[in-house]
Amino acid sequence: MNIIVCQNYDHLSDYAKDLVINTINNNDKPVLGLATGSTPEGMYQALIKAYQEKHVSFKDVTTFNLDEYIGLGKEDPNSYHHFMDEHLFNYVDIDQNETFVPPGNTDNHEQACLDYEQNMHRHGDIDLQVLGLGVNGHIGFNEPGTPFDTRTHVIELDESTRVANARFFDSIDDVPTHAITMGIETIMESKQIVLLASGDSKKEAVQRLVNGEETPDFPASILHRHNNVTVILDRDAASLLS
Ligand code: F6R
């Protein structure tokens, strides 16, 4: 696990942007795994700027997002589909038919999970997977206790996750209770993984990620088994590391 501690959030975002651009520029048909949430917002902004300055083109890129809330359609402002449109897809030259987010509002979620896996399989392995880190150690929405061998599946969100994400909704009661998420095994099949964590609220989780034991109680701990993981932190998130 390669750990990079950046001066601040802007540097973290810039560092992550460069890794994404390297992946795009070094593959004919790059496949990216993408995360939503607050942490990668700066990286997406930096990618849009790089696109505008002609340092990168997304025209041959395919993307698969990690997760989506169940019950939210893609027009819903709180859906991750909408987040991706607003934070990246609408502002770069990506083929929107090559951007995939698990569907939050199908009537057969089990089938949707299988279809999502099959679609990823058809595109080959993910070249670079971007991850955030939940305060409880979740990656994607794989909450503590999720077996390491899961593939894309439906999960009940932890109360701590719903509380953490309530800031985007009018009230906690509006935060969906379930989500579709890529599984831990699915994530681990990516060729390269970049995990971003920023801010004081992540410092305990980062300490446990770096120094803790490998256990399903802290899903991100599986990343020690992967041979190409870069953890990019800002100073606050890294403050408990010695
Ligand atoms: C989002 C995702 C989640 C977030 C995590 C951190 O697609 O998969 O695991 O990365 O909850 O969220 P933020 O960045 O908002 O702190």
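Bear in mind these aren't lab numbers, they're just calculated from the coordinates by the rules spelled out. Fair warning: this is a prediction, and the values are worked out from it, not measured in the lab. So basically every Cβ, Gly included, is an ideal-geometry build from the backbone, and we count neighbours across all protein chains shown.
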Fraction of antiparallel bridges per DSSP, segment 110-242 only, in percent to nearest 5:
35 percent
Determine by what factor the alpha-carbon radius of gyration of the chain differs from 2.2 N^0.38 Å, reporting the quotient.
0.94
Inter-site label distance for Asp174 and Gln111 at 7 Å from Cα along Cβ, in nm
3.1 nm
Taking a cut-off of 28 Å between Cα atoms, list the lysines near Lys202, but don't count ones fewer than 8 places away on the same chain.
Lys17, Lys49, Lys191
Considering only the chain, what is the antiparallel percent among its DSSP beta bridges, to the nearest 5?
25 percent
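Can you tell me the dipole magnitude for segment 104-210 around its Cα centre, using point charges on the Cβ only (Lys, Arg +1; Asp, Glu -1), in Debye to the nearest 20?
Numbers: 8 positive and 18 negative charges, 97 e Å.
With Lys and Arg at +1 and Asp and Glu at -1, about 460 debye.
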Taking only the alpha-carbon positions of segment 1-108 as identical scatterers, the Debye log10 I(q)/I(0) at q = 0.10, 0.19 Å⁻¹ comes out as -0.30, -1.00
Partner aspartates and glutamates whose C-alpha sits under 12 Å from that of Lys59, ignoring same-chain residues fewer than 8 away, are Asp28, Asp93, Asp95, Glu98
Sort Glu189, Glu68, Glu159 by Cβ crowding within 10 Å, fewest neighbours at the top.
Glu159, Glu189, Glu68
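Have a look at the DSSP beta bridges in segment 15-159 and tell me what percent are antiparallel, nearest 5. Intermediate results must be reported in sequence, preceding the final value.
Details: 1 of 9 bridges.
Of those bridges, close to 10 percent are antiparallel.
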What are the principal axis extents of the Cα atoms in segment 153-240, in Å, biggest first?
39, 31, 21
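Using alpha-carbon pairs under 8 Å, 6+ residues apart, how would you state the relative contact order of the chain in percent? Write out the running numbers ahead of the final one.
Working: 489 pairs, mean separation 62.0, N = 242.
Taking the mean separation of contacting Cα pairs over the length of the chain, I get 26 percent.
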Could you work out the equivalent-ellipsoid semi-axes for segment 65-159, taking the square root of 5 times each eigenvalue of the Cα gyration tensor, largest first, in whole Å?
21, 16, 15
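How many Å³ per residue does the convex hull of the Cα positions in segment 190-242 occupy?
Details: hull volume 4.1 nm³, N = 53.
Spread over its residues, the Cα hull of segment 190-242 gives 77 Å³ apiece.
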What is the extension gain from Ala166 to Gln52, computed as 0.36 nm multiplied by their sequence separation minus the C-alpha to C-alpha distance, in nm to one decimal?
37.7 nm
What is the extension gain from Asn78 to Asp93, computed as 0.36 nm multiplied by their sequence separation minus the C-alpha to C-alpha distance, in nm to one decimal?
3.0 nm
